[in-house]
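*Asks:* What follows is a structure written as C-alpha coordinates; I'll ask about it next.
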Amino acid sequence: MRLGFPAAWGPAVYSAGGQKIAWMKVPGEGKARAMNTNSLWPTHEKSEDQHRRDICTAGKWMYDRGFIVACEGNISVRLDDNRILTTPTCMNKGMLEPQDLVITNLEGRQLAGERKFSSEIAMHLLFYRMRPDVNAICHAHPPTATGFAAAGRPLNQALLPEVIIGLGQIPLVRYATPGTPELSDAIEPFVPHYDALLLANHGAVTCGPDLLTAFFRMETIEHFAKIVLSAELAGGPVLLSGREVAKLMAARARYFVTPPPGGGAELPETNDTSESSGTHVSLTRNELDALIDEAVRKDRARR
(Lines give C-alpha, C1' and ligand atoms only; values in the text may rest on other atoms or scores of the structure.)
Protein backbone atom coordinates (compact mmCIF):
# COMPACT_ATOMS: atom_id res chain seq x y z
CA MET A 1 0.00 0.00 0.00
CA ARG A 2 1.89 3.06 -1.28
CA LEU A 3 -0.17 6.13 -0.39
CA GLY A 4 2.42 8.89 -0.79
CA PHE A 5 5.55 9.51 -2.76
CA PRO A 6 8.99 10.04 -1.19
CA ALA A 7 11.11 12.92 -2.39
CA ALA A 8 13.66 10.48 -3.80
CA TRP A 9 11.47 9.71 -6.81
CA GLY A 10 13.38 11.02 -9.78
CA PRO A 11 12.23 11.13 -13.43
CA ALA A 12 14.41 11.00 -16.51
CA VAL A 13 13.51 10.80 -20.20
CA TYR A 14 15.41 8.80 -22.82
CA SER A 15 14.92 8.14 -26.53
CA ALA A 16 14.37 4.59 -27.75
CA GLY A 17 13.28 3.64 -31.25
CA GLY A 18 12.39 7.22 -32.02
CA GLN A 19 10.05 7.48 -29.03
CA LYS A 20 10.54 9.13 -25.66
CA ILE A 21 10.40 6.82 -22.65
CA ALA A 22 10.25 8.09 -19.08
CA TRP A 23 12.18 6.17 -16.42
CA MET A 24 11.45 6.47 -12.73
CA LYS A 25 13.96 5.56 -10.01
CA VAL A 26 12.05 3.94 -7.15
CA PRO A 27 13.66 4.08 -3.67
CA GLY A 28 14.75 0.70 -2.38
CA GLU A 29 14.28 -1.14 -5.65
CA GLY A 30 17.76 -0.57 -7.09
CA LYS A 31 16.50 -0.09 -10.62
CA ALA A 32 14.36 2.19 -12.73
CA ARG A 33 10.90 1.46 -14.09
CA ALA A 34 9.81 2.44 -17.57
CA MET A 35 6.57 4.33 -17.86
CA ASN A 36 4.61 6.01 -20.62
CA THR A 37 5.23 9.73 -21.08
CA ASN A 38 1.45 10.05 -20.85
CA SER A 39 1.88 9.43 -17.11
CA LEU A 40 2.23 12.08 -14.43
CA TRP A 41 5.46 12.22 -12.45
CA PRO A 42 4.88 12.11 -8.67
CA THR A 43 6.71 15.39 -8.07
CA HIS A 44 6.02 19.08 -8.51
CA GLU A 45 9.54 20.03 -9.65
CA LYS A 46 8.85 20.44 -13.38
CA SER A 47 9.05 23.01 -16.13
CA GLU A 48 6.00 25.05 -17.13
CA ASP A 49 5.76 23.02 -20.36
CA GLN A 50 5.63 19.77 -18.38
CA HIS A 51 2.96 21.17 -16.04
CA ARG A 52 0.90 22.12 -19.10
CA ARG A 53 1.15 18.59 -20.49
CA ASP A 54 0.37 17.10 -17.08
CA ILE A 55 -2.81 19.16 -16.67
CA CYS A 56 -3.99 17.98 -20.10
CA THR A 57 -3.24 14.37 -19.09
CA ALA A 58 -5.11 14.70 -15.78
CA GLY A 59 -8.05 16.30 -17.59
CA LYS A 60 -8.19 13.37 -20.00
CA TRP A 61 -8.03 10.91 -17.11
CA MET A 62 -10.93 12.63 -15.33
CA TYR A 63 -12.99 12.68 -18.54
CA ASP A 64 -12.22 9.05 -19.43
CA ARG A 65 -13.23 7.92 -15.92
CA GLY A 66 -16.51 9.83 -16.08
CA PHE A 67 -15.57 12.26 -13.31
CA ILE A 68 -16.49 15.13 -15.67
CA VAL A 69 -18.56 15.56 -18.83
CA ALA A 70 -18.99 18.38 -21.33
CA CYS A 71 -17.22 21.48 -19.95
CA GLU A 72 -17.34 20.53 -16.26
CA GLY A 73 -14.51 20.62 -13.75
CA ASN A 74 -11.22 22.46 -13.54
CA ILE A 75 -7.57 21.75 -12.69
CA SER A 76 -4.73 24.02 -11.60
CA VAL A 77 -1.11 23.87 -10.47
CA ARG A 78 1.08 26.40 -8.69
CA LEU A 79 3.95 27.53 -10.95
CA ASP A 80 5.67 29.75 -8.38
CA ASP A 81 4.86 32.07 -5.47
CA ASN A 82 2.48 34.22 -7.53
CA ARG A 83 1.53 32.32 -10.70
CA ILE A 84 -1.16 29.66 -11.12
CA LEU A 85 -1.60 27.59 -14.29
CA THR A 86 -5.23 26.59 -14.79
CA THR A 87 -7.74 25.17 -17.25
CA PRO A 88 -9.96 27.54 -19.28
CA THR A 89 -13.72 27.84 -19.02
CA CYS A 90 -16.18 26.51 -21.61
CA MET A 91 -13.87 23.74 -22.84
CA ASN A 92 -13.94 19.98 -22.31
CA LYS A 93 -11.07 19.27 -19.90
CA GLY A 94 -10.47 15.90 -21.53
CA MET A 95 -9.71 17.51 -24.91
CA LEU A 96 -7.31 20.29 -23.98
CA GLU A 97 -4.01 21.19 -25.61
CA PRO A 98 -1.17 22.75 -23.56
CA GLN A 99 -1.62 26.11 -25.28
CA ASP A 100 -5.26 26.28 -24.12
CA LEU A 101 -4.25 26.82 -20.49
CA VAL A 102 -4.28 30.15 -18.68
CA ILE A 103 -1.98 31.74 -16.09
CA THR A 104 -3.32 33.95 -13.29
CA ASN A 105 -1.83 35.50 -10.18
CA LEU A 106 -2.99 34.74 -6.63
CA GLU A 107 -5.46 37.62 -6.83
CA GLY A 108 -7.18 36.14 -9.86
CA ARG A 109 -5.82 38.53 -12.50
CA GLN A 110 -5.05 36.89 -15.83
CA LEU A 111 -1.36 37.08 -16.76
CA ALA A 112 -1.17 34.91 -19.88
CA GLY A 113 -3.31 32.83 -22.20
CA GLU A 114 -5.75 33.46 -25.03
CA ARG A 115 -8.74 31.91 -23.30
CA LYS A 116 -10.69 32.90 -20.18
CA PHE A 117 -10.19 31.14 -16.87
CA SER A 118 -13.04 29.52 -14.97
CA SER A 119 -15.18 31.50 -12.55
CA GLU A 120 -14.33 28.81 -9.99
CA ILE A 121 -10.67 29.89 -9.90
CA ALA A 122 -11.43 31.67 -6.61
CA MET A 123 -11.86 28.29 -4.92
CA HIS A 124 -8.42 27.22 -6.18
CA LEU A 125 -6.77 30.49 -5.14
CA LEU A 126 -8.18 30.14 -1.63
CA PHE A 127 -6.35 26.82 -1.23
CA TYR A 128 -3.11 28.27 -2.58
CA ARG A 129 -3.25 31.28 -0.28
CA MET A 130 -4.10 29.28 2.85
CA ARG A 131 -2.01 26.16 2.18
CA PRO A 132 1.65 26.72 1.17
CA ASP A 133 1.97 22.91 1.04
CA VAL A 134 -0.60 22.69 -1.79
CA ASN A 135 0.68 22.83 -5.37
CA ALA A 136 -2.22 21.32 -7.33
CA ILE A 137 -6.02 21.17 -7.22
CA CYS A 138 -8.63 19.06 -9.01
CA HIS A 139 -12.34 19.87 -9.09
CA ALA A 140 -14.75 17.39 -10.66
CA HIS A 141 -18.22 15.83 -10.40
CA PRO A 142 -17.55 12.10 -9.91
CA PRO A 143 -21.09 10.66 -10.07
CA THR A 144 -21.28 8.39 -7.03
CA ALA A 145 -19.49 10.81 -4.71
CA THR A 146 -21.56 13.69 -6.08
CA GLY A 147 -24.65 11.60 -5.38
CA PHE A 148 -23.64 11.52 -1.70
CA ALA A 149 -23.06 15.28 -1.82
CA ALA A 150 -26.49 15.81 -3.39
CA ALA A 151 -28.01 13.66 -0.65
CA GLY A 152 -26.37 15.85 1.98
CA ARG A 153 -24.08 13.05 3.19
CA PRO A 154 -20.34 13.30 3.88
CA LEU A 155 -18.02 10.34 3.35
CA ASN A 156 -17.02 10.25 6.98
CA GLN A 157 -17.28 6.61 8.05
CA ALA A 158 -14.32 4.51 9.19
CA LEU A 159 -14.55 1.71 6.62
CA LEU A 160 -11.33 1.40 4.61
CA PRO A 161 -7.79 1.60 6.04
CA GLU A 162 -6.41 3.20 2.85
CA VAL A 163 -8.96 6.02 2.99
CA ILE A 164 -8.43 6.63 6.70
CA ILE A 165 -4.66 6.80 6.30
CA GLY A 166 -4.75 8.84 3.10
CA LEU A 167 -7.58 11.28 3.80
CA GLY A 168 -8.98 10.73 7.29
CA GLN A 169 -12.47 11.57 6.16
CA ILE A 170 -14.17 13.61 3.42
CA PRO A 171 -16.49 16.20 4.99
CA LEU A 172 -19.45 17.86 3.30
CA VAL A 173 -19.35 21.61 2.63
CA ARG A 174 -22.72 23.39 2.65
CA TYR A 175 -24.13 24.42 -0.72
CA ALA A 176 -23.07 27.74 -2.25
CA THR A 177 -23.48 28.97 -5.80
CA PRO A 178 -20.50 27.87 -7.93
CA GLY A 179 -18.23 30.66 -9.10
CA THR A 180 -19.30 33.09 -6.37
CA PRO A 181 -17.56 34.40 -3.24
CA GLU A 182 -20.12 32.42 -1.22
CA LEU A 183 -18.47 29.18 -2.31
CA SER A 184 -15.07 30.33 -1.05
CA ASP A 185 -16.71 31.44 2.22
CA ALA A 186 -18.29 28.00 2.62
CA ILE A 187 -15.10 25.98 2.08
CA GLU A 188 -12.68 28.31 3.92
CA PRO A 189 -13.15 26.71 7.38
CA PHE A 190 -12.27 23.29 5.90
CA VAL A 191 -9.23 24.22 3.80
CA PRO A 192 -6.56 24.08 6.57
CA HIS A 193 -7.75 20.70 7.85
CA TYR A 194 -8.72 18.49 4.88
CA ASP A 195 -7.25 17.44 1.53
CA ALA A 196 -10.56 16.34 -0.01
CA LEU A 197 -14.01 17.89 0.24
CA LEU A 198 -17.51 17.10 -0.97
CA LEU A 199 -19.44 20.16 -2.12
CA ALA A 200 -23.17 19.86 -1.44
CA ASN A 201 -25.21 19.51 -4.67
CA HIS A 202 -22.08 20.27 -6.67
CA GLY A 203 -19.15 17.83 -6.71
CA ALA A 204 -15.77 17.38 -5.09
CA VAL A 205 -12.45 19.19 -4.78
CA THR A 206 -9.05 17.74 -3.85
CA CYS A 207 -5.61 19.23 -3.32
CA GLY A 208 -2.09 17.88 -3.07
CA PRO A 209 1.63 18.66 -3.09
CA ASP A 210 1.62 17.68 -6.79
CA LEU A 211 -0.97 17.03 -9.48
CA LEU A 212 -0.72 13.23 -9.37
CA THR A 213 -1.55 13.23 -5.64
CA ALA A 214 -4.48 15.60 -6.14
CA PHE A 215 -5.80 13.37 -8.93
CA PHE A 216 -5.35 10.19 -6.85
CA ARG A 217 -7.36 11.81 -4.06
CA MET A 218 -10.21 12.54 -6.47
CA GLU A 219 -10.06 8.94 -7.69
CA THR A 220 -10.11 7.74 -4.07
CA ILE A 221 -13.22 9.79 -3.27
CA GLU A 222 -15.20 8.18 -6.08
CA HIS A 223 -13.89 4.68 -5.34
CA PHE A 224 -14.77 5.05 -1.67
CA ALA A 225 -18.25 6.37 -2.48
CA LYS A 226 -18.93 3.31 -4.65
CA ILE A 227 -17.82 0.97 -1.86
CA VAL A 228 -19.96 2.77 0.74
CA LEU A 229 -22.98 2.50 -1.55
CA SER A 230 -22.28 -1.19 -2.19
CA ALA A 231 -21.94 -1.85 1.55
CA GLU A 232 -25.28 -0.20 2.21
CA LEU A 233 -26.95 -2.27 -0.50
CA ALA A 234 -25.33 -5.42 0.94
CA GLY A 235 -26.89 -4.92 4.35
CA GLY A 236 -25.10 -1.98 5.92
CA PRO A 237 -21.46 -1.01 6.48
CA VAL A 238 -19.59 -2.36 9.50
CA LEU A 239 -17.40 0.43 10.86
CA LEU A 240 -13.95 0.07 12.37
CA SER A 241 -13.42 0.85 16.05
CA GLY A 242 -11.89 4.03 17.40
CA ARG A 243 -8.83 2.02 18.48
CA GLU A 244 -8.31 0.73 14.95
CA VAL A 245 -8.66 4.25 13.55
CA ALA A 246 -6.09 5.53 16.04
CA LYS A 247 -3.62 2.86 14.92
CA LEU A 248 -4.16 3.78 11.28
CA MET A 249 -3.71 7.49 11.91
CA ALA A 250 -0.50 6.77 13.80
CA ALA A 251 0.77 4.83 10.78
CA ARG A 252 0.42 7.69 8.29
CA ALA A 253 4.10 8.64 8.30
CA ARG A 254 5.05 5.09 7.39
CA TYR A 255 3.11 5.51 4.16
CA PHE A 256 4.59 8.96 3.41
CA VAL A 257 1.28 10.69 4.22
CA THR A 258 1.60 14.19 5.64
CA PRO A 259 -1.64 15.42 7.25
CA PRO A 260 -2.94 18.92 6.48
CA PRO A 261 -1.20 21.59 8.57
CA GLY A 262 -4.34 22.88 10.28
CA GLY A 263 -4.49 20.00 12.74
CA GLY A 264 -8.23 20.38 13.32
CA ALA A 265 -9.62 17.58 11.17
CA GLU A 266 -12.31 15.43 12.72
CA LEU A 267 -11.69 11.69 12.82
CA PRO A 268 -14.06 9.46 10.82
CA GLU A 269 -17.13 8.02 12.49
CA THR A 270 -16.37 4.66 14.13
CA ASN A 271 -18.51 1.89 15.58
CA ASP A 272 -17.84 3.46 19.00
CA THR A 273 -19.19 6.86 17.98
CA SER A 274 -22.13 5.42 16.04
CA GLU A 275 -23.23 3.37 19.06
CA SER A 276 -23.23 6.51 21.21
CA SER A 277 -24.45 8.97 18.59
CA GLY A 278 -26.36 10.91 21.23
CA THR A 279 -23.20 11.75 23.14
CA HIS A 280 -20.76 14.42 21.96
CA VAL A 281 -17.23 14.19 23.28
CA SER A 282 -14.67 16.99 22.78
CA LEU A 283 -10.92 16.40 22.99
CA THR A 284 -7.98 18.75 22.82
CA ARG A 285 -5.23 17.95 20.33
CA ASN A 286 -2.95 16.83 23.18
CA GLU A 287 -5.64 14.51 24.55
CA LEU A 288 -6.20 13.03 21.09
CA ASP A 289 -2.46 12.47 20.57
CA ALA A 290 -2.25 10.79 23.98
CA LEU A 291 -5.13 8.43 23.11
CA ILE A 292 -3.47 7.50 19.82
CA ASP A 293 -0.15 6.84 21.56
CA GLU A 294 -1.88 4.70 24.18
CA ALA A 295 -3.75 2.67 21.54
CA VAL A 296 -0.54 2.00 19.63
CA ARG A 297 1.33 1.06 22.85
CA LYS A 298 -1.38 -1.43 23.91
CA ASP A 299 -1.48 -2.94 20.44
CA ARG A 300 2.28 -3.50 20.48
CA ALA A 301 2.14 -5.03 23.96
CA ARG A 302 -0.36 -7.64 22.78
CA ARG A 303 1.88 -8.78 19.90
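The values are calculated or read from the model by the stated rules, or taken from the named source; none is laboratory data. Bear in mind the structure is a predicted one, so any value in this text is a computation, not a measurement. Here the Cβ positions follow ideal geometry from the backbone for every residue, glycine too, while neighbour counts run over all protein chains shown. The accessibility values were calculated without ligands, DNA or RNA, using every heavy atom of the protein model including side chains. Shrake-Rupley method; radii C 1.70, N 1.55, O 1.52, S 1.80 Å.
*Asks:* Looking only at the stretch 193-237, count how many residues are over 28 Å from residue 56 (Cα atoms), open to solvent by less than 20 Å² (accessible area, probe 1.4 Å) and part of a loop (DSSP other than H, G, I, E, B).
*Replies:* 0
*Asks:* To continue, here is another question. Condition check: modelled with pLDDT under 95, open to solvent by less than 70 Å² (accessible area, probe 1.4 Å), farther than 30 Å from residue 55 by Cα and out of contact with any strand residue (DSSP E or B) (no Cβ under 9 Å at 6 or more places or on another chain). Does residue 286 satisfy that? Before you say what the answer is, go through the steps one by one.
*Replies:* Working: modelled with pLDDT under 95: yes; open to solvent by less than 70 Å² (accessible area, probe 1.4 Å): no; farther than 30 Å from residue 55 by Cα: yes; out of contact with any strand residue (DSSP E or B) (no Cβ under 9 Å at 6 or more places or on another chain): yes.
No.
*Asks:* Is it true that some residue in the stretch 229-238 is touching a strand residue (DSSP E or B) at 6+ places or on another chain (Cβ under 9 Å) and more than 19 Å from residue 160 (Cβ to Cβ)?
*Replies:* Looking for residues that are touching a strand residue (DSSP E or B) at 6+ places or on another chain (Cβ under 9 Å) and more than 19 Å from residue 160 (Cβ to Cβ), one finds none in the stretch 229-238, hence no.
*Asks:* Here's another thing I want to ask about it. Do we find that residue 150 is in contact (Cβ under 8 Å) with a residue 60 or more places away in the chain and either of a type outside the set (Asp, Glu) or closer than 20 Å to residue 265 by Cβ (or both) in this structure?
*Replies:* On the way: in contact (Cβ under 8 Å) with a residue 60 or more places away in the chain: no; either of a type outside the set (Asp, Glu) or closer than 20 Å to residue 265 by Cβ (or both): yes.
Answer is no for this residue.
*Asks:* While we're here: Give 255, 175 a once-over and let me know the one that is over 17 Å from residue 67 (Cβ atoms), surrounded by fewer than 18 Cβ atoms within 10 Å (Cβ to Cβ) and either modelled with pLDDT of 95 or more or of a type in the set (S, T, N, Q) (or both).
*Replies:* Among 255, 175, only 175 is over 17 Å from residue 67 (Cβ atoms), surrounded by fewer than 18 Cβ atoms within 10 Å (Cβ to Cβ) and either modelled with pLDDT of 95 or more or of a type in the set (S, T, N, Q) (or both).
*Asks:* Do you know which residues across the stretch 88-103 are charged (D, E, K, R), out of contact with any Gly (no Cβ under 8 Å at 6 or more places or on another chain) and either crowded, with 20+ Cβ neighbours inside 10 Å or under 16 Å from residue 122 (Cα atoms) (or both)?
*Replies:* none
*Asks:* If I go through the stretch 107-123 residue by residue, how many of them are open to solvent by less than 10 Å² (accessible area, probe 1.4 Å) and out of contact with any strand residue (DSSP E or B) (no Cβ under 8 Å at 6 or more places or on another chain)?
*Replies:* Residues flagged as open to solvent by less than 10 Å² (accessible area, probe 1.4 Å) and out of contact with any strand residue (DSSP E or B) (no Cβ under 8 Å at 6 or more places or on another chain) within the stretch 107-123 amount to 0.
*Asks:* Another question about this same structure. Which one is farthest from residue 104 (Cα to Cα) among residues in the stretch 40-60 that are open to solvent by 50 Å² or more (accessible area, probe 1.4 Å) and not small (Gly, Ala, Ser)?
*Replies:* That would be 60.
*Asks:* Oh, and also: Tally up the residues in the stretch 124-172 that are in a helix (DSSP H, G or I), open to solvent by 30 Å² or more (accessible area, probe 1.4 Å) and in contact with a Ser or Thr (Cβ under 9 Å, 6 or more places away or on another chain), please.
*Replies:* The number of residues fulfilling the criteria is 1.
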